1. Using the per-residue mean of other Cβ atoms lying within 10 Å as a proxy for protection, in what order, highest first, do the peptides 108-121, 227-240, 68-81, 6-19 fall?
2. May I ask you to compute the full-extension gain from residue 178 to residue 79, defined as 0.36 nm times their residue separation minus their alpha-carbon distance, rounded to one decimal in nm?
3. Efficiency by 1/(1 + (r/R0)^6): what FRET value for residue 14 and residue 41, r their Cβ-Cβ distance, R0 = 35 Å, to the nearest 0.05?
4. Given springs between every Cα pair under 10 Å in a Gaussian network model of the chain, which of 168, 123, 21 has the largest fluctuation?
5. Given the options 46, 133, 144, which has the most mean-square fluctuation in a GNM of the chain, springs set between C-alpha atoms less than 10 angstrom apart?
6. Give me the compactness ratio for the chain, meaning the Cα radius of gyration over 2.2 N^0.38 Å.
7. What would the Debye equation give as log₁₀ I(q)/I(0) for segment 172-235 at q = 0.21, 0.26 Å⁻¹, counting only Cα atoms as equal point scatterers?
8. Would you kindly state how much longer the chain becomes between residue 154 and residue 201 on full extension, computed as 0.36 nm times their sequence separation minus their alpha carbon distance, in nm to one decimal?
Ligand code: GEK
């Protein structure tokens, strides 16, 4: 059990462009739980997904592993023998803390400090992008997904969780309002919510669910399903059959 430090970063100052530095790392566990509706459920289900899809002697990848919450969820779900997890993140601060967390892992975990766009995926049965693709430039997303598809075994799955947008203006407005209401219910003030919104502009780029499905299909995936949605947060499963 880790000690959760309260996220009050935006209470005191405005951060122009959000980055995953030491300051964010310190409060990240609290920040993501109070900012992403359904985050805890995505972690719980990663364990279920790993149990069903992790293949014997295969690799599992957690791309954008942050503090290792998604990595550990996978680790606790794996029942197949001979599996290992590769956790990748380009934030040194995150990985430093992640190292301590993954010490509890029941399966071997290797951490890589790298840009996920440069990581070669091989022999993978499960690949996870739990709220990470949204930070990659739109025009680079297809290439990344193609590399993942190519490095996956048949019968494997990619879990893609994302903040999304909606083409319909009314639907978009309502989901944004619901998300902001959720954040206030979690104890964030109006000022914190609006500062965080500005800080993430051009850093976190959401797209419609239909755009994700189309891109996953273009990358080669044979079947794509949305298994979870809460307001403007969703998680998809893309299968290599
Ligand atoms: C969880 N999956 O707890 N290369 C490597 N890492 C990156 C890149 C990149 N190009 N861009 C962003 N990151 C985790 C949560 S957080 C989600 C994932 C969020 C990393 C970044 O450093 C951060 O640690 C992570 O992706 C995104 O389930 O903050 O909303």
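Each reported figure results from applying straightforward, stated rules to the coordinates on display, with no laboratory input. Nothing here was measured: the structure is a model prediction, and the numbers come from that model. Neighbour counts are summed over all protein chains in view; Cβ atoms, including those assigned to glycine, are modelled from backbone coordinates with ideal geometry.
1. Descending packing order for the listed peptides: 68-81, 227-240, 108-121, 6-19.
2. Computed gain between residue 178 and residue 79 is 31.9 nm.
3. After rounding to 0.05, the efficiency reads 0.65.
4. Of the options given, 168 has the highest mean-square fluctuation.
5. Per the Cα network of the chain with a 10 Å cutoff, 144 tops the list.
6. That ratio works out to 0.98.
7. Log-scaled intensity ratios, in q order: -0.95, -1.18.
8. Contour length minus Cα-Cα distance gives 13.2 nm.
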